[in-house]
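Working notes for the structure below.
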Amino acid sequence: MRKKNTDKRRVAADPRFNDVILARFVNNIMDQGKKAIARSLVYGALEIIAKKTEQDPIEVFRKALQNAAPSIEIRPRRVGGATYQVPMEVREERRVALAIRWIKKYASERRDHTMASKLAAELLAAANGEGGAIKRRDEMHRMADANRAFSHFRW
């Protein structure tokens, strides 16, 4: 017998900007429970964005997440003895989680001095439709498009 489904934990809003998604981003950046360091990195990146663009950094952050979030992904599905890559729509929470994960990953791979400047550069690139996270999203969409013939295997 399966266990009952657990309730999703709600993340408290960020104290400075009062934004839940920014709080999730901080939690994802956090390493070994050092939330104060993660907050200073994210706030530093947002300050760099504000200086460079002279726009609201939260709007740039939201635009970057929206641009990096995939709308469709491929999931493996076994039918008979074969495994097919079936394209499926992505739930909203997973879209945001994937975008956050990709922005963090490609920011850390950038060549810059501080993590705050790396994050700022990747967020700006994603907001402008460029950067590693956008390439990853486009690659995922291409794979889903190439496997569209197997979309009837959706469950």
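Some observations on this one:
- Computed from the C-beta positions of GLN85 and ALA13, the FRET efficiency with R₀ = 25 Å rounds to 0.10.
- Extension gain (nm, one decimal) between ARG78 and ARG101, 0.36 nm per residue minus Cα-Cα: 5.6 nm
- Distance between the C-alpha centres of region 43-72 and region 110-136: 10 Å, rounded to the whole angstrom.
- Annotation note: trypsin sites (Lys or Arg not before Pro) in region 1-65 located in DSSP loop regions with a Cβ neighbour count of at most 16 within 10 Å are ARG2, LYS3, LYS4, LYS8, ARG9, ARG10, ARG16, LYS34.
- Computed helical MRE - 222 nm, the chain, DSSP H runs ≥ 4 contributing -39500 (n - 2.57), nearest 500: -18000 deg cm²/dmol
- Inter-label distance for ARG148 and ASP31, nm, one decimal - labels placed 7 Å from Cα along Cα-to-Cβ: 4.1 nm
- Pairs from LYS4/LYS63; LYS4/LYS34; LYS4/LYS105; LYS34/LYS105; LYS34/LYS104; LYS52/LYS104 whose Cα-Cα separation, in the structure shown, is over 28 Å: LYS4/LYS63; LYS4/LYS34; LYS4/LYS105
- In a DSSP loop and with at most 14 other Cβ atoms within 10 Å, the trypsin sites (Lys or Arg not before Pro) in region 99-155 are ARG111, ARG154.
- The equivalent ellipsoid that matches the C-alpha gyration tensor of the chain spans semi-axes of 32, 20, 13 angstrom, in descending order.
- Annotation for region 52-109: GluC sites (Glu not before Pro) lying in DSSP loop with at most 11 further Cβ atoms inside 10 Å of their Cβ are GLU54, GLU109.
Bear in mind that the values in this text are calculations on the coordinates, not laboratory data. What you see is a predicted model, and the numbers here were worked out from it, not measured in a lab. All Cβ positions, glycine included, derive from the backbone under ideal geometry; neighbour counts span all protein chains shown.
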